[in-house]
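The values are calculated or read from the model by the stated rules, or taken from the named source; none is laboratory data. Here the structure is a predicted model, which means the values were calculated and not measured. Using ideal geometry, Cβ is built from the backbone for each residue, glycine included, and neighbour counts are taken over all protein chains shown. Protein only, heavy atoms only, side chains kept; ligands, DNA and RNA dropped before computing areas. Shrake-Rupley method; radii C 1.70, N 1.55, O 1.52, S 1.80 Å.
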Amino acid sequence: MADLFFFGTLRHLPLLELVLGRSGDALKARPAKLSGHGVYQVAGQPFPAIEERQGATADGVLVRDLTPADLDALNFYEGGFGYSLKPVTVELADESTAAAEVYFPEPGLWQTAEPWDLAAWVAEWGALSLRAAQEVMAYHGRMSAEEVARSFPSVRRRAAAWLAGQARPGDGVHDLSRDVIVHSHKRAHLNFFAMEEMDLQFRRFDGSMSPVLNRSASMAGHAAVVLPYDPVRDQVLLVEQFRAPPFMMGDAHPWMWEPVAGVIDPGESAEETARREAVEEAGVTIQHLEAVAQGYPSSGALGEYIHIFIGIADLSDVSGGGGVAGEGEDIRSKTLSYEGMMAGIDTQTYQDMPLITAALWLSRHRDRLRAEHS
């Protein structure tokens, strides 16, 4: 049995319960403090780190009698992020002390900032972290902690997308608690994208329930798509890059001309992503965004929700771009006339559906945009 002191996100008992797979009522948890240490926000990350600081005190919770199975689950959840257990002595509310272990980060691993606040973290990141932990812990015993940690940014994006989907209103007709029955849910594969599989039933239009069906989907999250358009010059900008899925499907032309696009990070709006990606991929500064559409590009197979924009820009001033090398991107761009793009749409030269959607929207609103920006 082991006694651990939790100072950070695992102080949030619902998260600790999820990682351990058992109720907090069965956990021997008590408030505790660790003197000579402080808990600080990790710069650029939604979690804290603990550091030795003279005069500081780290608030936390002491959980006693953790089993080897508990430690295995905790090491899986924490181990991929450069944390390891070290012995400490903590102070309890009755002023007694107790020996415990704490997950400390590797020295120099993180750059820290201001003191960390648990309540503020729960308000901003609690629900997302619970959803992300569900996906992470589904791979306990199937993948190493390091393998899961490499995919964690994508896990976090999918968690944010799931919460956004939950926040959208229903159709006012169906009650998902009665009209969809999930018999099993398997997280089958984890990488940059994930594959999930369910055995489920849904209510048919005649009021009966369907047979139990096995369905799977590629889970991608949320993305922003922006077609840069210069209304003064009546030009658009397209980017070209190799796309593995068309190649895997046997397509003889897997280099695709597309609008600028990128995944939406947690805490980032679709508009912010569109502007950021325009700079990264094409070296274009977007002056104004026009919302085109939002929805699922292939709702029968792909769990991705995209936000499509036209981005008003000065295409005489394009510099940089090319994508992020660390993400394996190799992107080139071209500017062409509006008429040239539409000719490619009409001859079905362009195969990217978000591009086709943006181009058709632009065909309806081009006169207005040119008048407004003349």
Dividing the helical contributions, -39500 (n - 2.57) per DSSP H run of n ≥ 4, by the residues of the chain yields a 222 nm value, nearest 500 deg cm²/dmol, of -8500 deg cm²/dmol
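Using R₀ = 30 Å, calculate the FRET efficiency as 1/(1 + (r/R₀)^6) where r is the Cβ-Cβ separation of residue 164 and residue 65; round to 0.05.
Numbers: r = 39 Å, r/R0 = 1.31.
After rounding to 0.05, the efficiency reads 0.15.
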Semi-axes (Å, rounded, descending) of the ellipsoid equivalent to segment 278-338 per its C-alpha gyration tensor are 24, 18, 10
In degrees, nearest 10, the alpha-carbon axis of helix 270-282 is tilted away from the dominant principal axis of the alpha carbons of the chain by 70 degrees
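Compare 178, 233 by solvent-accessible area with a 1.4 Å probe and give them largest first, with all protein chains kept in place.
My answer, sorted largest first, is 178, 233.
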Among beta bridges assigned by DSSP with both residues in the chain, the antiparallel ones amount in percent, to the nearest 5, to 85 percent
Segment 174-329, convex hull of Cα, quarter of hull surface, nm² -> 12.4 nm²
Taking max minus min of the Cα coordinates of the chain on each principal axis, largest first, gives extents in Å of 78, 58, 39
Rounded to 0.05, the calculated FRET efficiency for the beta carbons of residue 351 and residue 216 at R₀ = 35 Å is 0.90
With Cα coordinates, the longest principal axis of the chain makes an angle with the long axis of helix 152-167, in degrees rounded to 10, of 80 degrees
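Calculate, in nm to one decimal, what residue 99 and residue 123 gain on full extension: separation in residues at 0.36 nm each, minus their alpha carbon distance.
On the way: separation 24, 0.36 × 24 = 8.64 nm, distance 3.13 nm.
That works out to 5.5 nm of additional length.
Is segment 110-154 best put as rounded, prolate or oblate by its Cα gyration tensor, with a ≥ b ≥ c the root eigenvalues, rounded for a/c under 1.5, and otherwise prolate when a/b is larger than b/c, oblate when not?
Because a/c hits 1.5 or more and a/b fails to exceed b/c, segment 110-154 counts as oblate.
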Residue by residue through segment 234-242, the couplings from Karplus 6.51 cos²θ - 1.76 cosθ + 1.60 with θ = phi - 60°, in Hz, x for Gly and Pro, are 6, 10, 10, 10, 10, 10, 10, 7, 6
So the angle from the long Cα axis of helix 353-372 to the longest Cα principal axis of the chain, reported in degrees to the nearest 10, equals 70 degrees
Between the alpha carbon centres of segment 78-136 and segment 1-32 the gap in Å comes to 11 Å
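In nm, what is the difference between 0.36 nm times the number of residues separating residue 144 and residue 23 and their Cα-Cα distance?
41.1 nm
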Answer in debye to the nearest 20: the dipole magnitude of the chain about its Cα centre, from +1 Lys/Arg and -1 Asp/Glu charges placed on Cβ, is 700 debye
Between the modelled labels at residue 343 and residue 209 (7 Å from Cα along Cα→Cβ) the distance in nm is 5.8 nm
Taking only the Cα positions of segment 1-149, the convex hull volume per residue in Å³ is 112 Å³
Applied in sequence order to segment 336-342, the curve 6.51 cos²θ - 1.76 cosθ + 1.60 (Karplus, θ = phi - 60°) yields integer Hz couplings, x standing for Gly and Pro, of 8, 5, 4, 5, x, 5, 5
So the carbon and sulfur contribution to the accessible area of segment 220-361, 1.4 Å probe, in percent, is 51 percent
Sorted by chain and then number, the residues having a modelled amide H within less than 5 Å of the amide H of residue 229, at least 5 places away or on another chain, are 311, 312, 313
Taking the convex hull of the alpha-carbon atoms of segment 163-209 and averaging its shadow over every direction gives an area in square nanometres of 4.5 nm²
For residue 293, the residues 5 or more places away or on another chain with a placed amide H closer than 5 Å to its own amide H are 308
The simple spin-label model distance between residue 268 and residue 287, using points 7 Å out along Cα→Cβ, in nm, is 2.5 nm
Heavy-atom accessible area per residue of segment 325-374, all protein chains kept, 1.4 Å probe, expressed in Å², is 63 Å²
Filtering chymotrypsin sites (Phe, Trp or Tyr not before Pro) in segment 253-342 by DSSP loop and by at most 14 other Cβ atoms within 10 Å leaves none
Expressed in nanometres to one decimal, the distance between label points 7 Å along Cα→Cβ at residue 111 and residue 240 is 3.8 nm
With 0.36 nm assigned to each residue of separation and the Cα-Cα distance removed, residue 192 to residue 248 gains 18.5 nm
